[in-house]
Amino acid sequence: MAALIEAIDIKRKTFFELDGEPYVSLDVSVSTPTARGGQTLVRIKMRNLRTRAVFDRTFKAGEKLKEPDLGKVSATYLYSDGDGYHFMDQESYETVTLSAEMVGDNRDLLVENGAVSLLRFNGNPIDLEFPPHVELTVTSTEPGFRGDTSSGGVTKPATLETGLEIRVPLFVKEGDRVKVHTETREFAGRA
């Protein structure tokens, strides 16, 4: 039997199961009543890992939620084609294909031979997890000029090899490798 998690114990990035579907909490807020006998409520902003839908739901502090049957497997991104995005499972060496809907905006962070983790629910792949940073090459950006900092704009737009557009410091030029924070999609330093 799966373990149960009390709603009050759920923190940001906690996985849980509700009505047979896997969820991850994106944000949690607890409201404690001032009157006696009032219920402590836990409001959770959560994302369904299968449908990627995001919504809020409020639970009583003592409500119990199931721990999902989730497994994490190391994988390497191989390529994409009309069938979807192909990854190689690093344990079994089999190819796993995810649909474009499943990958979603994460395609902007995928680079050939890049390491990711495949999240499996009841044995079926449902989501990708990235390391905190990925390294990508800058394919186009304007050159930075010495006088540009006077206006307070010390960053400039840059397009990366995956098509992702981010703001980078003036010293970054085409061909440079940069680290991108996978959660915020922001410049995190030179690679």
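Can you tell me which residue in region 129-153 is modelled with the highest pLDDT, limited to those that are part of a loop (DSSP other than H, G, I, E, B) and crowded, with 16+ Cβ neighbours inside 10 Å? The selected residue is 130. Against the list (1) within 19 Å of residue 5 (Cβ to Cβ); (2) at pLDDT 90 or above, the condition residue 49 fails is (2). Of 173, 156, 179, all but one fail to be part of a loop (DSSP other than H, G, I, E, B) and surrounded by 13 or more Cβ atoms within 10 Å (Cβ to Cβ); the exception is 173.
Based on this model, can you work out whether residue 25 counts as modelled with pLDDT of 90 or more, closer than 22 Å to residue 110 by Cβ, touching a Ser or Thr at 6+ places or on another chain (Cβ under 8 Å) and of a type in the set (Gly, Ala, Ser)? So residue 25 fails the test.
Going by the structure shown, is residue 57 farther than 17 Å from residue 120 by Cβ, under 22 Å from the mean Cα position of the chain (by Cα) and not small (Gly, Ala, Ser)? Even if it seems obvious, please write down each step before you answer.
On the way: farther than 17 Å from residue 120 by Cβ: yes; under 22 Å from the mean Cα position of the chain (by Cα): yes; not small (Gly, Ala, Ser): yes.
So residue 57 passes the test.
Could you check how many residues of region 1-11 are at pLDDT 90 or above and in a loop (DSSP other than H, G, I, E, B)? Count: 2.
The values are calculated or read from the model by the stated rules, or taken from the named source; none is laboratory data. Owing to the predicted nature of the structure, the values given are computational and were not obtained by experimental measurement. Reconstructed Cβ throughout: ideal geometry from the backbone, glycine too, with neighbour counts over all protein chains shown.
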